[in-house]
Amino acid sequence: MKIKTIAAWPLAMAAGLLVVPMQAMAKDKDDAAVEESDSVLAADIFIPAPPPGKGQILFYRKGGLGGAAVACSVHENGQKVSSLGGGKYFIMVTDPGKHEFTVKTEAKDVLTLEVEPDETQFAQCKIKMGIMVGRPDIRPSTEAEFRGMKKFKLVDDEDMGPGPGALRSTDLAAAKAKKAEPAPAATPAETPAETPAVN
């Protein structure tokens, strides 16, 4: 009788392991339905120019159920920059030079980028199959690849790290408003008074 109980234990564990991800996926589906109204087509997302002398990287993660219960948390120098849920993006402004970004669950992946001044780069994070938890995969991308995706929503401010760099929703709104402002009218140049000709 004891052997049957022990043999049933792995089956009960397996059943329990299936219930948790299914509950998480159902929750993510509900959250996705609520957030769908806040999402914007990737082709329509406003990407401001980086501040003069700075560079920036737009990190994104495609939506969908693959790895939906696991966030892709992007770190630099051991400090969290932001987490990326499915269908989310954020923009990080940084100094030019070499930068190393890590994402980690049960495995770790590293992306090294050479950031150029006045340039926007793109990076995509995916969650692939893992043994117990999804395995993160971060890689360089392109603007065309990002714009070709469906809908995205800016990462919520509370999912961003404490450090500087990741643009908050207020930062992007201010940049968009500044771009929409009309250019100041040119002041007419003063015409010099004619000097009489000397004979």
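Peptides 45-54, 151-160 ranked from most to least packed, by the mean per-residue count of other Cβ atoms within 10 Å: 151-160, 45-54. Residues within the reach of a label modelled at residue 41 (point 7 angstrom out along Cα to beta-carbon, backbone nitrogen below 11 Å), restricted to the stretch 151-170, are 151.
Put a dot 7 Å past the Cα of residue 54, heading toward its Cβ, do the same for residue 157, and the two dots end up 1.7 nm apart. Other residues lying with their Cβ under 15 Å from the Cβ of residue 177 contribute a combined charge of +2, Lys and Arg counting +1, Asp and Glu -1. Relative contact order of the stretch 40-177, taken over Cα pairs closer than 8 Å and 6 or more residues apart, is 32 percent. If we count every other residue with Cβ under 15 angstrom of residue 109's Cβ, Lys/Arg +1 and Asp/Glu -1, where does the sum land? So the environment of residue 109 carries a net charge of +3.
What does the extension gain come out to for residue 80 and residue 116, with contour length at 0.36 nm per residue minus their alpha carbon separation?
Numbers: separation 36, 0.36 × 36 = 12.96 nm, distance 2.19 nm.
Length gained between residue 80 and residue 116: 10.8 nm.
A crude spin-label estimate for the pair residue 169 and residue 106, with each label 7 Å from Cα along the Cβ direction, gives 3.5 nm. Prolate is the label for the stretch 87-143, because a/c, from the alpha-carbon gyration tensor with a ≥ b ≥ c as root eigenvalues, is 1.5 or above and a/b exceeds b/c. Taking a Cβ cut-off of under 12 Å around residue 58, the surrounding Lys, Arg, Asp and Glu residues balance to a net charge of 0, with basic ones at +1 and acidic ones at -1.
We did not get these values from a lab; they are worked out from the coordinates using the rules stated. Keep in mind that what you see is a predicted model, and the values were worked out from it rather than measured. Don't worry about glycine lacking a Cβ; one is built from the backbone with ideal geometry, like all the others, and counts go over all protein chains shown.
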